[in-house]
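The values are calculated or read from the model by the stated rules, or taken from the named source; none is laboratory data. What you see is a predicted model, and the numbers here were worked out from it, not measured in a lab. Don't worry about glycine lacking a Cβ; one is built from the backbone with ideal geometry, like all the others, and counts go over all protein chains shown. Accessible surface is based on the protein model in full, side chains and every heavy atom, while ligands, DNA and RNA are left aside. Shrake-Rupley method; radii C 1.70, N 1.55, O 1.52, S 1.80 Å.
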Amino acid sequence: MIPQETVQKILDTARIEEVVGDFVALRRRGADLWACCPFHGEKTPSFHVIPAKGQYYCFGCHKGGSAVGFIMDYEHLSYVEALRYLAKKYNIEIVEKEETAEDIANRQRNESLLLVSEYAGDFFKEQLKTAEGRAVGLEYFHSRGLEDSTIEKYGLGWAPSSRHAFTDAAKAAGYKDEYLLETGLCAAYDSDNRLHDRFFDRVVFPIHSVSGRVIAFGARTLKSKEPGKPYAKYVNSKESDIYVKNKSLYGIWFAKNEMARKDKCYLVEGYLDVLSMHQLGITNVVASSGTALTEGQIGLIKRFTQNVTIMYDGDSAGIHAALRGIDMFLREG
Ligand SMILES: [Zn+2]
């Protein structure tokens, strides 16, 4: 196992123009370097390397990424193999670290949490096809102008009104209480000593990690508030080892390539804002999901672009959040 500090050193040291330049004859034009694309046949260069960003991109075949990504694609190596290649190129010594029992346990535990989340994502998606799901959930999505292709792509779903539907299905499929509780998909034992669903009678928006795994859910009720009863328009997954709220952005998995390509990101408030803009063909858009923007979220955006346009609702809370967001971007520089 390569220690994390060494991984960081390799990533910080590798210069994209040097790494690509070993395989492709690059010509400087302005700040960037251009070449005929090594991934698809062409006679005029649409492949370019952007040293300032440590990225490459081809306008022809849309391949793009970092120095590590280039080596993975060009040499057909795994991530770790590509890191070893770059370490060798830059004479960075790798002192292999034995994976401790704790490392292994943590890795396996995280994977278990991700598998439970993935199962839940599939479950909610399937429920959208039931009579209840279609009549209430799908009807709502359609009423908000969402097309079936968008609903499918973003994995939108329905959490049934029964308070045990998900729990029963997950338990029958062999998922352990420990992981169902840790992911916040199930809530504590009821009086019958049974787990019950934390998300029920709500439309569900899965939240993906930057690498495309389902890590959490946001769920919206379609009921209006009744006097004297507790009411939460949205219920969200609690924080867990796989979901750190202030480092997650809704839509990042679907937006990141376009964010890098357009060198721009739109930041909106809610799930539906992301989905509506996506349908308009604007795919470099993410949401901070109602919460105030955090420095961790800014860091995530900055992995792909420095340019952000904030589009929050015009109400006073929205304006306040937008101003605070702009202030943070300025401070982060
Ligand atoms: Zn290409």
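Gly145 meets all of the listed conditions (1) in a helix (DSSP H, G or I); (2) open to solvent by 40 Å² or more (accessible area, probe 1.4 Å); (3) in contact (Cβ under 8 Å) with a residue 60 or more places away in the chain but one, namely (1).
Here His48 does not qualify as open to solvent by 40 Å² or more (accessible area, probe 1.4 Å), within 28 Å of the chain's Cα centre (by Cα) and within 16 Å of the ligand (Cβ to nearest atom). Could you tell me whether Asp22 is closer than 30 Å to Ile104 by Cα and of a type in the set (Asp, Glu)? When the stated conditions are applied, Asp22 does not pass them.
All conditions but one from (1) open to solvent by less than 60 Å² (accessible area, probe 1.4 Å); (2) over 25 Å from the mean Cα position of the chain (by Cα); (3) more than 18 Å from Ala14 (Cβ to Cβ); (4) charged (D, E, K, R) apply to Asp32; the one that does not is (3). For the range 283-308, a tally of residues being farther than 25 Å from Tyr234 by Cα and surrounded by fewer than 21 Cβ atoms within 10 Å (Cβ to Cβ) returns 7. For the criterion of being part of a helix (DSSP H, G or I), at pLDDT 90 or above, among the aliphatic types (A, V, I, L, M) and at negative phi, Val49 fails. When Asp73 is tested against (1) away from the ligand (no atom under 15 Å from the Cβ); (2) open to solvent by 50 Å² or more (accessible area, probe 1.4 Å); (3) closer than 19 Å to Leu11 by Cβ; (4) in contact with a strand residue (DSSP E or B) (Cβ under 9 Å, 6 or more places away or on another chain), exactly one condition is not met: (1). Just one of the numbered conditions (1) in contact with an Asp or Glu (Cβ under 9 Å, 6 or more places away or on another chain); (2) open to solvent by less than 30 Å² (accessible area, probe 1.4 Å); (3) in contact (Cβ under 8 Å) with a residue 40 or more places away in the chain; (4) closer than 17 Å to Val308 by Cα is not true of Ser240: (4). Taking the criterion of being more than 23 Å from the chain's Cα centre (by Cα) and touching a residue at least 12 places away in the same chain (Cβ under 8 Å), the residues of the range 128-142 that qualify are Thr130, Glu132, Gly133, Val136, Gly137, Leu138, Tyr140.
Report the residue count in the range 261-282 for those that are farther than 24 Å from Val203 by Cα and open to solvent by less than 30 Å² (accessible area, probe 1.4 Å). Summing the residues that are farther than 24 Å from Val203 by Cα and open to solvent by less than 30 Å² (accessible area, probe 1.4 Å) in the range 261-282 gives 1. Here is a list: Lys97, Lys63. Which entry is modelled with pLDDT of 90 or more and either in contact with a helix residue (DSSP H, G or I) (Cβ under 7 Å, 6 or more places away or on another chain) or loosely packed, with under 14 Cβ neighbours inside 10 Å (or both)? Exactly one of Lys97, Lys63 is modelled with pLDDT of 90 or more and either in contact with a helix residue (DSSP H, G or I) (Cβ under 7 Å, 6 or more places away or on another chain) or loosely packed, with under 14 Cβ neighbours inside 10 Å (or both), namely Lys63.
For the range 196-230, a residue qualifies if it is farther than 12 Å from Leu156 by Cα and touching a His at 6+ places or on another chain (Cβ under 8 Å), and the qualifying residues are His196, Asp197, Ile215.
Kindly list, by first and then second residue, each pair from a residue in the range 63-74 that is part of a helix (DSSP H, G or I) to a residue that is β-branched (Val, Ile, Thr) and within 16 Å of the ligand (Cβ to nearest atom), limited to pairs with Cβ atoms under 6 Å and residues at least 6 apart or on different chains. Note: pairs meeting the criteria are Ala67/Ile16; Phe70/Val20.
In the condition set (1) within 18 Å of Phe304 (Cα to Cα); (2) within 16 Å of the ligand (Cβ to nearest atom); (3) under 24 Å from the mean Cα position of the chain (by Cα), Gly54 is compliant with all but (2).
Within the range 35-52, residues that are more than 21 Å from Asp263 (Cα to Cα) reach partners that are more than 10 Å from the ligand (Cβ to nearest atom) and of a type in the set (Lys, Arg) with beta carbons closer than 9 Å, at six or more positions or on different chains, in the pairs Cys36/Lys43. When Arg84 is tested against (1) over 26 Å from the mean Cα position of the chain (by Cα); (2) part of a loop (DSSP other than H, G, I, E, B); (3) more than 9 Å from the ligand (Cβ to nearest atom), only condition (2) is not met. Condition test on Val214, is it within 21 Å of Leu275 (Cα to Cα), touching a Gly at 6+ places or on another chain (Cβ under 7 Å) and in the same structural domain as Arg107 (by TED's automatic domain parsing)? For Val214, the condition - within 21 Å of Leu275 (Cα to Cα), touching a Gly at 6+ places or on another chain (Cβ under 7 Å) and in the same structural domain as Arg107 (by TED's automatic domain parsing) - is met. If you go through the range 175-219 and keep only what is over 21 Å from the mean Cα position of the chain (by Cα), small (Gly, Ala, Ser) and under 16 Å from Glu239 (Cβ atoms), you end up with just Ala187.
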